[in-house]
Amino acid sequence: MNQALLEGVSMGLLLSAMIGPVFFTLIQSSLENGFRYATMVALGILCSDTLYVVLTFFGIKFLATATYFESVLGYVGGAILIGFGISYLVKRQTAKPELSVEEVRRAKKRSAFFKGFSINGINPFVLLFWISIASLVHLKESFGSLDVWLYFTGILLTVFSIDLTKAYIAKRLSQFVTPKFMFWLNKAVGVAMIGFGIRLILFAVGK
């Protein structure tokens with residue numbers, strides 16, 4: 001295997017091991033709405049990461065010095081995460097949703113993609129991660145153009161594959177999940193989202 005690709009896969013495994021709002025969103029989405037819905041969430045996350053790869057790689061010097069951009073993203077991202085968290089906290093206990101209506105499925109898939117894209121995209125820590133990766137790549141003098149893109153491809157595909165694996169495992173366990181369990185899971189997700197949101201705002205305040 002190409003060395004750059006192997007390093008990218010290794011970095012992707014490291015990124016996938018991090019537990020953040022995306023992790024909770026994937027698990028909750030798969031348990032409540034099914035694997036296909038969670039797949040669209042994962043696809044939204046992948047597209048968001050890909051956008052950050054392009055932005056950071058081609059604009060690393062600008063993004064690294066534009067601290068106001070990180071602050072704005074922190075305030076906005078924190079507020080949105082807190083909003084998501086509150087919505088989970090006030091969500092009532094319901095039976096498992098019926099996924100047999102095709103129109104509802106399509107609407108959910110569209111919202112799922114946006115959910116994954118936005119929750120990942122508004123997190124400035126994701127931006128900082130990609131800035132650090134882009135900086136690292138720029139320092140690797142042995143990397144040619146092909147090596148650079150193999151490296152990023154390795155990271156992105158590894159993260160996407162592991163996200164799908166997480167969603168699949170959660171779905172396989174869904175038969176053991178009761179409405180009461182989902183009710184308390186939503187509360188836990190809500191608290192986690194609010195916690196991450198407050199953390200982002202504190203990050204922005206400290207900039």
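The values are calculated or read from the model by the stated rules, or taken from the named source; none is laboratory data. A quick note: this is a predicted structure, and the numbers were derived from the prediction, not measured. Methodologically, a virtual Cβ is constructed for each residue, glycine included, from the backbone with ideal geometry; neighbour enumeration extends over all protein chains shown. For accessibility, only protein heavy atoms count, side chains too; no ligands or nucleic acids. Shrake-Rupley method; radii C 1.70, N 1.55, O 1.52, S 1.80 Å.
Being at pLDDT 85 or above, of a type outside the set (A, V, I, L, M), open to solvent by less than 20 Å² (accessible area, probe 1.4 Å) and assigned to a helix (DSSP H, G or I) narrows it down to one of Gly154, Gly197, so name that one.
Gly154
From the list Leu146, Leu139, pick out the single residue that is among the aliphatic types (A, V, I, L, M) and either at pLDDT below 75 or closer than 20 Å to Leu15 by Cα (or both).
Within the list Leu146, Leu139, the selection yields Leu139.
Checking the structure you have, find out if any residue of the stretch 50-58 is at pLDDT below 85, crowded, with 20+ Cβ neighbours inside 10 Å and part of a helix (DSSP H, G or I). Step through it out loud before you land on a result.
Taking the stretch 50-58 first, the residues at pLDDT below 85 are 55-58.
Narrowing further to those that are crowded, with 20+ Cβ neighbours inside 10 Å: 56.
From what is left, the residues that are part of a helix (DSSP H, G or I) are 56.
Within the stretch 50-58, one or more residues are at pLDDT below 85, crowded, with 20+ Cβ neighbours inside 10 Å and part of a helix (DSSP H, G or I).
Can you pull out the residues in the stretch 105-122 that are at pLDDT below 75 and either of a type in the set (Gly, Ala, Ser) or surrounded by 13 or more Cβ atoms within 10 Å (Cβ to Cβ) (or both)?
Arg105, Ala107, Lys108, Lys109 - these are the residues of the stretch 105-122 that are at pLDDT below 75 and either of a type in the set (Gly, Ala, Ser) or surrounded by 13 or more Cβ atoms within 10 Å (Cβ to Cβ) (or both).
List every residue pair whose Cβ atoms sit under 8 Å apart, with the two residues 6 or more apart in sequence or on different chains, where the first one lies in the stretch 153-174 and is under 24 Å from Leu185 (Cβ atoms) and the second, anywhere, is open to solvent by 10 Å² or more (accessible area, probe 1.4 Å) and among the aromatic types (Phe, Trp, Tyr).
Listed pairs, sorted by first residue: Lys166/Phe23; Ala167/Phe35; Tyr168/Phe35; Lys171/Phe35.
Could you tell me whether Leu164 is in a helix (DSSP H, G or I), at pLDDT 80 or above and either among the β-branched types (Val, Ile, Thr) or open to solvent by 30 Å² or more (accessible area, probe 1.4 Å) (or both)?
yes
Out of everything in the stretch 10-30 that is in contact with a Ser or Thr (Cβ under 8 Å, 6 or more places away or on another chain) and buried (at least 21 other Cβ atoms within 10 Å of the Cβ), what residue ends up being farthest from Ala167 (Cα to Cα)?
If we take residues in the stretch 10-30 being in contact with a Ser or Thr (Cβ under 8 Å, 6 or more places away or on another chain) and buried (at least 21 other Cβ atoms within 10 Å of the Cβ), then Gly12 is farthest from Ala167 (Cα to Cα).
Criterion first (modelled with pLDDT of 85 or more, aliphatic (A, V, I, L, M) and crowded, with 18+ Cβ neighbours inside 10 Å) does Leu46 satisfy it?
So Leu46 fits the description; yes.
Could you list, ordered by first residue, the pairs with Cβ atoms under 7 Å in which the first is in the stretch 49-67 and charged (D, E, K, R) and the second is modelled with pLDDT of 60 or more, at least 6 apart or interchain?
Asp49/Asn120; Asp49/Leu156; Asp49/Val159
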